[in-house]
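The values are calculated or read from the model by the stated rules, or taken from the named source; none is laboratory data. Just so it is clear, the model here is predicted, and its values are computed rather than measured. Using ideal geometry, Cβ is built from the backbone for each residue, glycine included, and neighbour counts are taken over all protein chains shown. All accessible areas refer to the heavy atoms of the entire protein, side chains included, with ligands and DNA or RNA removed. Shrake-Rupley method; radii C 1.70, N 1.55, O 1.52, S 1.80 Å.
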Amino acid sequence: MLHKAVVSTQSTGNTTWHEMSAKSSDFNKVVDVVKEQLNMVFKGEKKITNTEDFKGALKTVPFSKIQEQRLKSLEKDSQPIIQLRKKLKPELQDLVNHQRLTILEAGEVFNVPKSNKRLKTLFCRLSSNHKTLHYGYDIVTPDNTCPTIDELPEKLNVHDIEGIILWRDMKKNKPKNWDSPLGFSLEYNQSTAMDAATKTLDFISQTVEVFSYWTDGINVLRKKDACNESAQQHLSMLLDMEIKIRQLDILDIEGLSLPDHPPSIPPLPDNFNFHYNFN
């Protein structure tokens with residue numbers, strides 16, 4: 001049994017060697033990685049009772065997983081990485097926000113509340129200048145293509161939107177026809193009269209993804225960030241990718257480690273006489 005375990009470990013070492021594109025001078029680095037792989041196997045949730053379990057568990061911890069664990073450890077403990085994430089986050093949040101608006105520009109078909117027996121569907125899309133929502137009910141186009149803005153008879157100016165109501169969050173005074181967890185309504189007031197009643201434009205998304213994208217997009221139009229679970233996942237994914245790109249292969253460079261704190265700024269020189277004189 002011990003012999004089989006040693007053979008499995010050696011096989012993992014050979015695989016890791018190739019995955020790391022290691023050279024003879026990298027032997028100690030490969031050994032360290034194999035040690036981490038063994039630690040992950042024995043500390044894992046799955047109990048190892050025989051050599052086949054051991055062999056199978058080793059296959060679940062390739063070098064890429066060790067790299068991922070090392071990167072997470074660096075991100076957690078290294079102050080420069082934490083500061084980099086904080087610096088990158090606003091730019092990537094803007095990217096997620098812009099993507100949501102792009103989806104609104106493309107348009108989407110929604111269902112209409114059951115209380116409206118005359119109408120079945122609502123098609124809505126955002127204008128390219130992000131100032132107007134154009135929509136129409138039961139729109140039929142040739143070849144089932146998405147209707148253009150010119151083919152949508154109704155419109156709602158973004159600045160008239162006073163709020164967004166998620167039906168699933170309503171506990172009191174909830175209308176009977178607002179029974180879908182994928183439903184939401186835009187509160188708006190297109191009148192200039194001070195006492196004009198607020199109206200609602202009702203949407204029932206056909207998928208969870210559409211619901212997430214459109215409610216996020218409406219919030220972005222109202223000068224807020226996309227904050228649904230999918231938006232947070234996309235933001236986290238973009239941050240992780242950007243961090244990995246900026247640290248490309250940094251974990252494989254022997255003797256190189258990230259500092260815990262950014263280096264201090266050196267003092268100014270005694271004089272600035274080293275500048276070039278064009279005269």
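Odds and ends about this structure:
- Checked across the range 127-142, the condition of being in a helix (DSSP H, G or I), in contact with a Gly (Cβ under 8 Å, 6 or more places away or on another chain) and modelled with pLDDT under 95 holds for no residue.
- Scanning the range 1-48 for residues that are over 18 Å from Ser64 (Cα atoms), basic (Lys, Arg) and part of a helix (DSSP H, G or I) turns up just one, Lys4.
- For the range 211-229, a residue qualifies if it is open to solvent by less than 40 Å² (accessible area, probe 1.4 Å) and either within 14 Å of Leu95 (Cα to Cα) or in contact (Cβ under 8 Å) with a residue 24 or more places away in the chain (or both), and the qualifying residues are Phe211, Tyr213, Trp214, Thr215, Asp216, Gly217, Ile218, Asn219, Val220, Leu221, Ala226.
- Meets criteria (of a type in the set (S, T, N, Q) and closer than 30 Å to Val140 by Cα) for Asn116: yes
- Qualifying residue in the range 145-153 (condition: under 14 Å from Thr215 (Cβ atoms) and either in a strand (DSSP E or B) or touching a Lys or Arg at 6+ places or on another chain (Cβ under 7 Å) (or both)): no
- A single member of Ile81, Ile66 is under 17 Å from Met237 (Cα atoms), of a type outside the set (Phe, Trp, Tyr), surrounded by 16 or more Cβ atoms within 10 Å (Cβ to Cβ) and at pLDDT below 85, and it is Ile81.
- Taking every residue in the range 177-197 that is open to solvent by 40 Å² or more (accessible area, probe 1.4 Å) and charged (D, E, K, R) and pairing it with any residue that is at pLDDT 70 or above and assigned to a strand (DSSP E or B), at least 6 positions away or on another chain, the pairs with Cβ-Cβ distances below 6 Å are Glu187/Glu162; Glu187/Gly163; Glu187/Thr200.
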